[in-house]
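The values are calculated or read from the model by the stated rules, or taken from the named source; none is laboratory data. Everything quoted here is computed from the prediction, not taken from an experiment. We place every Cβ from the backbone using ideal geometry, glycine too, and count neighbours over all the protein chains shown. Keep in mind that these areas ignore ligands, DNA and RNA; they rest on the heavy atoms of the full protein, side chains included. Shrake-Rupley method; radii C 1.70, N 1.55, O 1.52, S 1.80 Å.
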Amino acid sequence: MANTWWELQVSCESALEDSVSWRLEDFGCRGTASESKGESCLVKGYLPIFQAQLLDLAALGLWLQQDALCMGLSTPSLTWQLIDEEDWASSWKQYWHPQEIGDRFLINPAWLPLPENSDRLVIRLDPGVAFGTGNHATTQLCLESLEMRLSEVPKSFVNKGDQQEPVIIADIGCGSGILSIGAVLLGAAKAYAVDTDPLAVQSTFSNRALNDVNPERLVPAEGSVDILKKLIERPVDGIVCNILADVIIQLVPEISEISKPSTWAIFSGILVEQSTSVAEALEKHGWVVATMWKRKEWCCLNVRRS
């Protein structure tokens, strides 16, 4: 039974897709996949059998109903079944296809051939059980924000008077490593990628190799900001953090400790109704929200030091 997984299937309106994906991830699912069918959507989530009992699944169904009610949408349908690990590892891949994000990125599943004649920055990805395939609105918003931040950074440098210094970023809650890889492709000299989930760190190592990223330019590690403090030689130039709003609020004081007056940051994983609380926490520690980008019910805060 150790290698048996729950496969959760949620049929819902397309407008609920991101909310359902977030709810499944918050519930503990190690991976999700979605398939659109006209105005409806089928979202699947996967988690080890020992992580949930039938009563837990029933509670999840109630939370999904409440989420839909709050958004004024029809009640989604939740079903579940047990599958073997080998079936889980491949079942979601059939729904994932190459995807263009922003003006410069193309996310390409590792098991598919690379596109021909593409002028985009291609990120080859096999997320395994880690969060971050590029399908979720929060990941897209972060990649687009990185594109904006690093669009004027040629060859991994920022201008500082007559000198140029390498751009160093920290990726907190790195998941599959997609944001760190994207930053390096855009010109960041180095990315430190941390996650409290060892499976996410393993996935980041694998995807670093898939994209032929120099190990010196992408440094994954298990942990959070406390580990970053030990890894970095000086405060970082940029921070990207795509995790839950409550966790961001808790980490703001520590994140501020690894920044300098010119540091910028990108925070996502935030529901629109949570944005005020996150912004207030940031402002208390010397950050200013420059822009807030929205996609469906999610938002991304682009901030800088005051």
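Within the stretch 80-100, is even one residue closer than 30 Å to residue 184 by Cα, open to solvent by less than 30 Å² (accessible area, probe 1.4 Å) and not in a helix (DSSP H, G or I)?
Among the residues of the stretch 80-100, at least one is closer than 30 Å to residue 184 by Cα, open to solvent by less than 30 Å² (accessible area, probe 1.4 Å) and not in a helix (DSSP H, G or I), which makes the answer yes.
Answer yes or no: is there a residue in the stretch 21-39 that is of a type in the set (A, V, I, L, M, F, W, C), more than 22 Å from the chain's Cα centre (by Cα) and either more than 18 Å from residue 244 (Cα to Cα) or modelled with pLDDT under 90 (or both).
Within the stretch 21-39, not a single residue is of a type in the set (A, V, I, L, M, F, W, C), more than 22 Å from the chain's Cα centre (by Cα) and either more than 18 Å from residue 244 (Cα to Cα) or modelled with pLDDT under 90 (or both).
Please enumerate the residues belonging to the stretch 24-53 that are touching a helix residue (DSSP H, G or I) at 6+ places or on another chain (Cβ under 6 Å) and either without any contact (Cβ under 8 Å) to a residue 12 or more places away in the chain or assigned to a helix (DSSP H, G or I) (or both).
Answer for the stretch 24-53, where residues must be touching a helix residue (DSSP H, G or I) at 6+ places or on another chain (Cβ under 6 Å) and either without any contact (Cβ under 8 Å) to a residue 12 or more places away in the chain or assigned to a helix (DSSP H, G or I) (or both): just 27.
For residue 56, which of the numbered conditions (1) surrounded by 16 or more Cβ atoms within 10 Å (Cβ to Cβ); (2) among the charged types (D, E, K, R); (3) part of a helix (DSSP H, G or I) fails to hold?
Just one mismatch for residue 56, condition (1).
May I ask you to list the residues in the stretch 154-190 that are within 20 Å of residue 258 (Cβ to Cβ), modelled with pLDDT of 90 or more and among the hydrophobic types (A, V, I, L, M, F, W, C)?
167, 168, 169, 170, 172, 174, 179, 183, 184, 188, 189
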